[in-house]
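Working notes, beginning with the structure itself.
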Amino acid sequence: MLALREAAQGEQDDARLWTLYGVQCVRVRRLDEALEALGHAAWLRERARDTARARVTHTLRAQLSEGGLASARFAA
């Protein structure tokens with residue numbers, strides 16, 4: 001978890017790393033960090049005009065903020 005966080009923070013422009021970090025945060029129930037990471041990933045994808053992945057990332061983030069992913073089976 002620590003290595004993934006450091007990798008994402010070291011590569012501020014890597015949407016894939018930020019998405020992976022966000023999903024890992026969900027798995028360990030760090031929901032505030034997950035929302036931030038997924039938000040950053042979505043912004044990066046929008047900036048890169050990767051609309052399909054941006055839409056999916058926004059959907060994941062919205063479900064998380066509504067509590068929908070809190071009970072998801074993201075077993076580590």
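The values are calculated or read from the model by the stated rules, or taken from the named source; none is laboratory data. What you see is a predicted model, and the numbers here were worked out from it, not measured in a lab. Note: ideal-geometry Cβ built from the backbone for every residue, glycine included; neighbour counts use all protein chains shown.
Being modelled with pLDDT of 95 or more, assigned to a loop (DSSP other than H, G, I, E, B) and surrounded by fewer than 19 Cβ atoms within 10 Å (Cβ to Cβ) is a property that does not hold for Arg53.
For the stretch 1-30, the tally of residues that are of a type in the set (Gly, Ala, Ser) and within 15 Å of Trp43 (Cα to Cα) stands at 3. Remark: pairs (first residue in the stretch 2-22, surrounded by 15 or more Cβ atoms within 10 Å (Cβ to Cβ); second residue in a loop (DSSP other than H, G, I, E, B); Cβ separation under 6 Å; 6+ apart in sequence or on different chains) = Leu17/Glu11. If you take the residues of the stretch 1-19 that are assigned to a helix (DSSP H, G or I) and at pLDDT 95 or above, which of them is nearest to Leu64 (Cα to Cα)? Taking the candidates together, the pick is Thr19. Residues of the stretch 23-41 that are surrounded by fewer than 20 Cβ atoms within 10 Å (Cβ to Cβ) and among the small types (Gly, Ala, Ser): Gly39 alone. Taking the criterion of being without any contact (Cβ under 8 Å) to a residue 40 or more places away in the chain and of a type in the set (Val, Ile, Thr), the residues of the stretch 23-56 that qualify are Thr51, Val56.
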